[in-house]
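Trainee: I have a structure here, written as structure tokens, and I will follow up with some questions on it.
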Amino acid sequence: MALPSLQIKLGIGDEQVSAGDHIAYLWETPSEFAEGVGFLRCGLDAGDHVVIFGHRDANEQVLSTLRDSGVDIDALLTTGRLTIMRGTEDATAMLAGIAQSFRDSVANGAGLIRLLGNLGWGQEGWPNDEEILRFESQVTHAARLFPCLVVCMYDVRRLSGAIMVHGAYEAHPRVVQNRILRENPYHLHSRKPPGDENSQTTGG
């Protein structure tokens, strides 16, 4: 699918992005978390389809933030403009489920889909960390197949240094920190388990 090259308002700071972008959003404070959820609020205001994908606590926090900003969650669910998804233990099935959700949204007339992700690192019912890292690296390619924007939220205070390096930086072509979007020079086009020094190919 050929994606439009038009610049789209991200909804975080004054940044603009393109359809197919896969972005890591680094946050530390409750206000920064709320700013990240602004990515979805911006899409709702523009008529986009929005997807909340993550572990239970994060999904509830995203929904609460949207409600606090005046969003009628029940109305969005009724009209089909909002999809809420949880992770599974099978990373391949998790990615396939997101792709199917995107296909369904496009078939129902969505012009742009926004997914905000909070992955369940180390949580029950999710893949192990290495499988989630592989999942993240595959999302970059998958996102380019759909008219979508994917933003993955990374809690800098809670997540380990290894996850920040291999997940936030190596798996995302672009990164937002302190409301500024940057091209990511640490992004890897593909990745294998950390420690396999012959397995990684760098690129922006």
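Trainee: If amide hydrogens are placed 1.01 Å from N in the peptide plane, which non-local residues have theirs closer than 5 Å to the one on residue 18?
Mentor: Distant-sequence amide H within range of residue 18: 8.
Trainee: Which order do you get for 124, 15, 60 if you rank them by accessible area with a 1.4 Å probe, largest at the top?
Mentor: The residues order as 124, 60, 15, largest area first.
Trainee: Here's something else I'd like to know. Suppose every Lys and Arg Cβ carries +1 and every Asp and Glu Cβ carries -1, with no other charges. What dipole size does the stretch 10-58 come out with about its Cα centre, to the nearest 20 debye? Let's see the in-between values first.
Mentor: Details: 2 positive and 9 negative charges, 45 e Å.
For this selection, approximately 220 debye.
Trainee: Report the charge-dipole magnitude of the chain in Debye, nearest 20, computed about the Cα centre from +1 at each Lys and Arg Cβ and -1 at each Asp and Glu Cβ.
Mentor: 420
Trainee: Averaged per residue, what accessible surface does the stretch 41-104 expose to a 1.4 Å probe, in Å²?
Mentor: In whole numbers, the stretch 41-104 has 51 Å² accessible per residue.
Trainee: Quick one: with all protein chains in place, what share of the accessible area of the stretch 1-81 is carbon or sulfur, to the nearest percent (1.4 Å probe)?
Mentor: Carbon plus sulfur share of accessible area: 47 percent.
Trainee: Turning to a different aspect of this structure: How long is the chain along each principal axis, judged by its Cα atoms, biggest number first, in Å?
Mentor: 50, 36, 33
Trainee: Also: What does the accessible area per residue of the stretch 123-165 come to in Å², with a 1.4 Å probe and no ligands, DNA or RNA counted?
Mentor: I get 44 Å² per residue for this part.
Trainee: If you take the charge dipole of the stretch 1-146 about its Cα centre, with +1 on Lys and Arg Cβ and -1 on Asp and Glu Cβ, which of 59, 16, 36 is farthest toward its positive end?
Mentor: Final value for the positive-end residue is 16.
Trainee: Further, regarding this structure: Which whole-Hz couplings ³J(HN,Hα) result when phi for each residue of the stretch 169-184 is put into the Karplus expression 6.51 cos²θ - 1.76 cosθ + 1.60, θ = phi - 60°, listed in order with x for Gly and Pro?
Mentor: Each residue of the stretch 169-184 in turn: 8, 6, 9, 10, x, 9, 9, 10, 9, 6, 6, 10, 8, 10, 5, 9 Hz.
Trainee: Give, rounded to the nearest 20 debye, the magnitude of the charge dipole that the stretch 39-118 has about its Cα centre when Lys and Arg contribute +1 at Cβ and Asp and Glu contribute -1 at Cβ.
Mentor: Its charge dipole is roughly 140 debye.
Trainee: How many angstrom lie between the C-alpha centres of the stretch 21-61 and the stretch 144-172?
Mentor: 13
Trainee: Determine the shape class of the stretch 50-91: with a ≥ b ≥ c the square roots of the Cα gyration tensor eigenvalues, call it rounded for a/c under 1.5, and otherwise prolate if a/b is greater than b/c, oblate otherwise.
Mentor: oblate
Trainee: For q values of 0.14, 0.16, 0.21 Å⁻¹, compute log₁₀ I(q)/I(0) with the Debye formula on a Cα-only model of the stretch 1-102, without solvent.
Mentor: Scattering profile of the stretch 1-102, log10 relative to I(0): -0.61, -0.81, -1.37.
Trainee: Output wanted: per-residue J couplings in Hz (rounded whole) for the stretch 39-56, from phi through Karplus 6.51 cos²θ - 1.76 cosθ + 1.60, θ = phi - 60°, x for Gly and Pro.
Mentor: In residue order, the calculated couplings are 4, 6, 4, 4, x, 4, 5, 8, x, 6, 8, 10, 10, 9, 10, x, 6, 4 Hz.
Trainee: While we're on this one: Which of rounded, prolate, oblate describes the stretch 69-116, given a ≥ b ≥ c as roots of the alpha-carbon gyration tensor eigenvalues and a/c under 1.5 marking rounded, otherwise prolate only if a/b is larger than b/c?
Mentor: Oblate.
Trainee: Restricting to DSSP H runs of at least four residues, report the calculated mean residue ellipticity at 222 nm for the chain, -39500 (n - 2.57) per run over all residues, nearest 500 deg cm²/dmol.
Mentor: It comes out at -11000 deg cm²/dmol, rounded to the nearest 500.
Trainee: Still on this structure: Among 82, 145, 159, which one shows the biggest mean-square fluctuation in a GNM of the chain, springs joining Cα atoms closer than 10 Å?
Mentor: 159
Trainee: Let me ask you something else. Among 105, 167, 154, which residue has its Cα positioned farthest towards the positive end of the charge dipole of the chain, with +1 placed on the Cβ of Lys and Arg, -1 on the Cβ of Asp and Glu, and the dipole taken about the Cα centre?
Mentor: The one lying farthest along the dipole's positive direction is 105.
The values are calculated or read from the model by the stated rules, or taken from the named source; none is laboratory data. Just so you know, these numbers come straight off a predicted model, no measurement behind them. Virtual Cβ from ideal backbone geometry, glycine too; neighbours counted across all protein chains shown. Ligands, DNA and RNA are stripped out before the accessible areas are found, and what is left, the full protein with its side chains, is counted by its heavy atoms. Shrake-Rupley method; radii C 1.70, N 1.55, O 1.52, S 1.80 Å.
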